[in-house]
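First up is the structure itself, then whatever we jot down about it.
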């Protein structure tokens, strides 16, 4: 487990930014609820969810050496402040997954730069500096994959994930309310389904497909540094 701890800082940062993105877009669309609740901050304390931000990731690391999913406390959003509730709800919901894809791109650029430095450096000298660079490279490289997982998982049309809001906006109001009433049970069911080999394989095939162009960027950076 200890050798995988480099995952935790980028994971915590990513789930926090995901929630901030929801709140920031909501604020721009007229809803100050997240701002007034003190949730538009990178300070992790207001965002940490005991289970989703700490226990689930640690259990995943202990059991499998990797993290499948994690979450921060959802930011409060009050759709009654929106001028166009359905349209604005779509924008707020899409902001979280989009923020993860932006983080994945930033992680790609940083990981590529670090890989280029490690490729041209002398690992026999300044071992502490080299170890720090390796740690940072692993963290940012893992950040690419983690953020793609977070983006795609949250886009699944299952309550209360962001994708369910996107789907609900297309449904009749009565059907949408019943659909959203599934609540967190939807995620529990989804995690159970992900343990079915064919379902999990399909999801991670999609993750790897999205990951490929990010990996190509790193390869391009390394080729340019030769």
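Structure data summary
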{"quantity": "Every pair of residues 6+ apart whose Cβ atoms lie under 7 Å, when the first sits in region 42-69 and is within 20 Å of residue 142 (Cα to Cα) while the second is surrounded by fewer than 15 Cβ atoms within 10 Å (Cβ to Cβ) and at pLDDT below 80", "calculated": "60/66; 61/1; 62/1"}
{"quantity": "Residues being touching a residue at least 12 places away in the same chain (Cβ under 8 Å), in contact with a helix residue (DSSP H, G or I) (Cβ under 9 Å, 6 or more places away or on another chain) and either farther than 22 Å from residue 170 by Cβ or surrounded by fewer than 23 Cβ atoms within 10 Å (Cβ to Cβ) (or both) - total across region 78-96", "calculated": "11"}
{"quantity": "Among the residues listed as 113, 104, the single one being more than 20 Å from the chain's Cα centre (by Cα), surrounded by 14 or more Cβ atoms within 10 Å (Cβ to Cβ), closer than 17 Å to residue 136 by Cβ and modelled with pLDDT of 95 or more", "calculated": "113"}
{"quantity": "Residue that is surrounded by the most Cβ atoms within 10 Å (Cβ to Cβ) [pool: residues in region 1-44 that are under 18 Å from the mean Cα position of the chain (by Cα) and not in a helix (DSSP H, G or I)]", "calculated": "39"}
{"quantity": "Some residue of region 192-201 being more than 26 Å from residue 10 (Cα to Cα), without any contact (Cβ under 8 Å) to a residue 60 or more places away in the chain and buried (at least 17 other Cβ atoms within 10 Å of the Cβ)", "calculated": "no"}
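Residues are listed down the side, and each one gets a yes or a no for (1) out of contact with any strand residue (DSSP E or B) (no Cβ under 6 Å at 6 or more places or on another chain); (2) part of a helix (DSSP H, G or I); (3) more than 28 Å from residue 74 (Cα to Cα); (4) without any contact (Cβ under 8 Å) to a residue 60 or more places away in the chain:
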site: 142; (1), (2), (3), (4): yes, yes, no, no
site: 149; (1), (2), (3), (4): yes, yes, no, no
site: 166; (1), (2), (3), (4): yes, yes, no, no
site: 175; (1), (2), (3), (4): yes, yes, no, yes
site: 182; (1), (2), (3), (4): yes, no, no, yes
site: 188; (1), (2), (3), (4): yes, yes, no, yes
site: 207; (1), (2), (3), (4): yes, yes, no, no
site: 211; (1), (2), (3), (4): yes, yes, no, no
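The values are calculated or read from the model by the stated rules, or taken from the named source; none is laboratory data. Source: prediction; values computed, not measured. Here Cβ is always computed from backbone atoms with ideal geometry, including for glycine, and neighbour counts include all displayed protein chains.
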